[in-house]
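Before any comments, here is the structure.
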Amino acid sequence: MSDRVRVRERTEADLAPLGDLLVRVHAHDGYPVEGVAHPRAWLTDPGFLRSWVAEHDGAILGQVSLAEPEGADAVALWSERTGRARDEATVLSRLFVSPGARGRGVGESLTRAVMDHARLHGSALVLDVMAKDRAATRLYERLGWERLGAITHAFDGSPGVPAYCYVWDSSTR
């Protein structure tokens, strides 16, 4: 299936089906830990620079966004480790794939779209991922992302959950 998956820039018309998909993803595996009550707002954060969707035969299978580095724990950790300015990185964010489409290269296709964009613009990419999301960590590591360390991802006043920070630096590729 992955050779027939089309990755393209997200449009306004994609937001309603993505909101429905987000709710299904959350019910299936608890991701995301926040934002499900207001999917459109979660998908259209003002800090997003670009977003892509994966589709097959007109069905939306998943999405990913590229965000500014403001406030991201992974950016702070990366900047501390490398001594580089925080604005030299962007954040891979809001990646999710339909449970029925997993294991078919959809997440990889979306991740590679963001990596290709970063390579074109000479940017480092960072992200954080919940420690429980083992399939995601395997994907990032297989694609050459480097684990920077562990953090606690806090949300909605919770004490937080364990997460890992990763970097993929296009300047070293």
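The values are calculated or read from the model by the stated rules, or taken from the named source; none is laboratory data. Since this is a predicted model, take the numbers as computed values, not measurements. No Cβ is skipped: glycine too gets one built from the backbone with ideal geometry, and neighbour counts run over all protein chains shown. Just so you know, the surface numbers come from the protein's heavy atoms only, side chains and all, with ligands and any DNA or RNA stripped out. Shrake-Rupley method; radii C 1.70, N 1.55, O 1.52, S 1.80 Å.
General observations
- Scoring ILE151 on the criteria (1) part of a helix (DSSP H, G or I); (2) in contact with a strand residue (DSSP E or B) (Cβ under 6 Å, 6 or more places away or on another chain); (3) open to solvent by 20 Å² or more (accessible area, probe 1.4 Å); (4) among the hydrophobic types (A, V, I, L, M, F, W, C) leaves a single failure, condition (1).
- Residue that is closer than 24 Å to GLY160 by Cα, hydrophobic (A, V, I, L, M, F, W, C), in contact (Cβ under 8 Å) with a residue 12 or more places away in the chain and buried (at least 19 other Cβ atoms within 10 Å of the Cβ), where the choices are LEU18, LEU22: LEU22
- Being small (Gly, Ala, Ser) and surrounded by 16 or more Cβ atoms within 10 Å (Cβ to Cβ) holds for only one residue in ALA59, ALA13, ALA54, and it is ALA54.
- Among the residues of region 95-107, those identified as open to solvent by 50 Å² or more (accessible area, probe 1.4 Å) and in contact (Cβ under 8 Å) with a residue 12 or more places away in the chain are ARG102, ARG104.
Condition check ((1) modelled with pLDDT under 95; (2) not basic (Lys, Arg)) across all residues:
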residue: THR11; (1), (2): no, yes
residue: GLY30; (1), (2): yes, yes
residue: LEU43; (1), (2): no, yes
residue: PRO46; (1), (2): yes, yes
residue: ARG50; (1), (2): no, no
residue: GLU55; (1), (2): no, yes
residue: GLU70; (1), (2): yes, yes
residue: GLY83; (1), (2): yes, yes
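- Candidates PRO46, PRO69, PRO32, filtered to the one that is part of a loop (DSSP other than H, G, I, E, B), out of contact with any strand residue (DSSP E or B) (no Cβ under 9 Å at 6 or more places or on another chain) and within 18 Å of LEU92 (Cα to Cα): PRO46
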